[in-house]
Each structure stands twice: as C-alpha cells, then as structure tokens.
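Written out below as structure tokens is the structure these notes cover.
Just so you know, all these numbers are worked out from the coordinates, no wet-lab data involved. Values in this document were obtained by computation on a predicted structure and should not be read as measured data.
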Amino acid sequence: MRKKIISIAVVVLVVALLIAIRFLQLMPYPKGEFNWIEAPNQRHRAYIGIFTDMKFFSGERRIYQLKVELGLADGKRMSIFEQDVLHTDAREKVDLNHLENNVLWAPDSGYVIFHVARDDIRVDVPF
C-alpha cells in the first residue's frame, strides 16, 4: 500500500512539474511589435502589428493586427478601424521596416489600403 501511495505521489509531482514548465514557456506570450505610416496630411496613422501567440496545447500562431487612427484637433488619436489577420490568411511576410510595401495612403488621405490579407483591405477615413 505504501509503494502505491509513493508511486501516485511521484506521478502527480511529475505531471505538476511538466505543467509548470509549460506555463514558464508560455509566460512571455503574446509578444509582438508594430510600426505605422503617417497619412499624407500628417494627421492620421495606419498601423501594422505582428503578434505571436502560443496556446497551452496548440502551437504558435502569428497574427497581423491592422489599425487606423484619426488625429484629432487637440492632439489625441481616435481608433476608427481594427482587424486581425491570421498569418495563414496573409499574402506574404510583412517587413515592419518597409511598411510602404504593405500600406498605401490615398494622396488626399481619404482612405488607406492594407496589402496584407489575401484581399486588399480598404479603410475610408471620414475626415
């Protein structure tokens, strides 16, 4: 009986240790970085963020976060658009140092086009 209790305790400790190791592996997630391009009117910004996330049982997944912010008169910003695109639904890898390949502002800052997803995403800017 004593050997059975000891073996159960050892199994429980090993499982607890494996779970603790996995939690330590997941602690830095989600992690990511972003960059933006100013609109030609220098008021609005289009952001692309690349985030990596890991789940406990499933593997790693990469998400592109697209965002457009309006610049307001008092220096504040207001978000008017946010969308996440899974890496598997994206066209190609996005280089955050060269966003001009993936973000195209209209000359009058009336809209922005993201070339990230399989279909281009156009966001009209109200003002």
Across the alpha-carbon set of the stretch 60-102, Rg over Rh with Rh taken as the Kirkwood radius works out to 1.08
Which of (i) 11, 32, 22, 13, 9, 7, 4, 1, 0; (ii) 14, 49, 33, 5, 0; (iii) 12, 30, 21, 16, 12, 7, 2, 0 is the computed P(r) over Cα pairs in 10 Å bins from 0, in percent? It is (i)
Crossing angle, helix 2-26 versus the chain [Cα axis fit, 0-90 degrees, rounded to tens]: 10
Which whole-number percent is the relative contact order of the chain (Cα, under 8 Å, 6+ apart)? 17
Which of the residue pairs Lys31/Lys93; Lys67/Lys93; Lys3/Lys55 have a Cα-Cα distance greater than 27 Å in the structure shown? Lys3/Lys55
